[in-house]
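One structure is given below, encoded as structure tokens.
Where a number appears in this text, it was derived from the coordinates with a stated rule and is not lab data. What you are looking at is a predicted structure, and each value in this text was computed from that prediction instead of being measured. Cβ placement follows ideal geometry from the backbone for every residue including glycine, while neighbour counts extend to all protein chains displayed.
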Amino acid sequence: MRRAALSLAASLVLGSAPAAAQPAEPAEPARTAHPPRHVVPPAPIRALRSTAWNHSVALEQAGDVAGARDALELAWTAEPESYEVALRTGWLSLRLDEVERAVARYERARSLPGASTEAERGLAATHTRAGYQDLAAGARAEARAHFDAALALDPETPDAAAGRRLAPSERVAPELWASFVGWSLGRSRAYGGGVFVALPLELADDARLRAAYRHLELSATGPGSGAGAGPAGAGRLRLAQDEAYLGAGYSGALFGLEALGLVVAPSGTSLQGGEAVRLRVGRRYGVVLEEATLAGGGAWSVQLAPSAFVWPTEWLGLALGARATFDATGRAASGVAGASFVYAPIELHLSGHVGVERARVDFDAPSVLDANGDVTGGGALGLFVALDDAWALGVHAELWRLAADASAGTHESASLGLRFAPAID
């Protein structure tokens, strides 16, 4: 029900990366039959250059793209006087995903005699690739600069135009979810559903506010439910819970901090209040520390969750960490892991844990896991599919193992949601 679709791995940059189309590679520069003409160098350099071009082509055809680029730069240096060499080393650098190096080589090509629109198109493609990498890392200001540079070079670049629409300086992204929720524990059963509404507002590239509300209603049966005492009729008890969340955060290039306040109002029990704080250090890789407290009706809980994350590519994020819970029941610990796959038009987020957790505060949803007893393990899957530049359809499912006293059971949910995220700058 909760938007755990934003899994641990995606959340580590204070919000998931938008599903973005990956830019196409520019066309391969034309290969000349012989090494390109150049200013006549000394004899040893001429001998090296006489074979370097064809050697580079052979290495590329054999799959050694880095060797193909290095062979040319060894013979002609990193700032060659040949337009063809500069163009080719730019293209090979882009194939290696070394965008800064590719930008330098294409810029060099544009400055040399004989330069053509091919160099400008290659430079535009390189800026577009860099823009999507920055977008995946959450650096929208840097992404906008790259997309604008690409469009200035080649206004007909569709990938750059699409990326620019995904990188506004301000954005509001409301979400609406409806779900089925159920649990079983020994001879007790409950089933029902609820709604979840979220309103994240990104005021700038590095600042955001968000509010969320969740309402759950379940019908419970069995000895653990107090069956027969509720208005739903003999053997049944109606359970309800309302939750409200309000947060604010800052997300810089290498540092992020967000604070969240929450109120939980279960039926038949005391109101609970709490707070949660997340600290992030790093962008493509780094560490995150989350802290949360809950209190009310004589009960209390303190949770600490350190983790490490890495985005090895712009489309894959991985995370690994732990969660420690301290409350009146005692201490509990779990190991947690997450993975995110972001590739247009799909965002796929997986998360799970092994070990004991109680009333886990999910910073990303945001929500508190509404499960009876200890949650001893399980996982969640979230999927977003972009319908266009603004609309996305979400599907989310959870399955957790439960344990209380001598009883065991499960907690499950399935949700369907819609996200609307138009650019407002």
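For the range 43-165, a crude dipole built from +1 on the beta carbon of Lys and Arg and -1 on the beta carbon of Asp and Glu, taken about the Cα centre, is about 40 debye to the nearest 20. Once the chain from R401 to Y213 is taken as fully extended at 0.36 nm per residue, the excess over their C-alpha distance is 65.1 nm.
Mean Kyte-Doolittle hydropathy of -0.5 or higher plus an axial Cα length of 15 Å or more: which whole DSSP H helices in the chain meet both?
Correct list, ordered by number: 43-61, 65-76, 83-95, 140-153.
Extension gain for the segment A299 to A66, taken as residue separation times 0.36 nm less the Cα-Cα distance, is 77.9 nm to one decimal.
The modelled label-to-label distance for the pair Y285/T313, using points 7 Å beyond Cα in the direction of Cβ, is 1.7 nm. Only helices enter this figure: runs of n ≥ 4 DSSP H residues, each worth -39500 (n - 2.57), summed and divided by the residues of the chain, yield -7500 deg cm²/dmol at 222 nm to the nearest 500. Dipole magnitude for the chain: computed about the Cα centre from +1 point charges on Lys and Arg Cβ and -1 point charges on Asp and Glu Cβ, it is near 600 debye. Between A371, A160, A240, the GNM of the chain built on Cα springs shorter than 10 angstrom shows A240 fluctuating the most. Over the range 229-350, the hull volume per residue, using the convex hull of the C-alpha atoms, is 160 Å³. Ranking V195, P223, L185 by how far each Cα lies toward the positive end of the dipole of the range 183-227 (charges on Cβ) leaves P223 at the top. Sites listed here are trypsin sites (Lys or Arg not before Pro) in the range 102-209 whose DSSP assignment is loop and whose Cβ has at most 10 other Cβ atoms within 10 Å, and the list is empty.
Under 5 Å from the amide H of L402 lie the amide H atoms of T376, G409, T410, H411, each residue being 5 or more positions distant or on a separate chain, with H modelled from the backbone and absent for Pro and chain starts.
The phi torsions of the range 358-367, fed into the Karplus equation with coefficients 6.51, -1.76 and 1.60 and a -60° offset, translate into couplings of 9, 6, 4, 7, 9, 5, 7, 4, x, 5 Hz, rounded to whole numbers, with Gly and Pro shown as x. Taking θ as phi - 60° and the Karplus parameters 6.51, -1.76 and 1.60, the scalar couplings of the range 331-346 work out to 9, 9, 9, 8, x, 10, 8, x, 8, 10, 10, 10, 8, 3, x, 10 Hz in sequence order, x denoting glycine and proline. Here the Karplus relation 6.51 cos²θ - 1.76 cosθ + 1.60, evaluated at θ = phi - 60°, turns the backbone of the range 297-309 into coupling constants of x, x, 9, 8, 7, 10, 10, 10, 9, x, 7, 10, 9 Hz, with x for every Gly and Pro.
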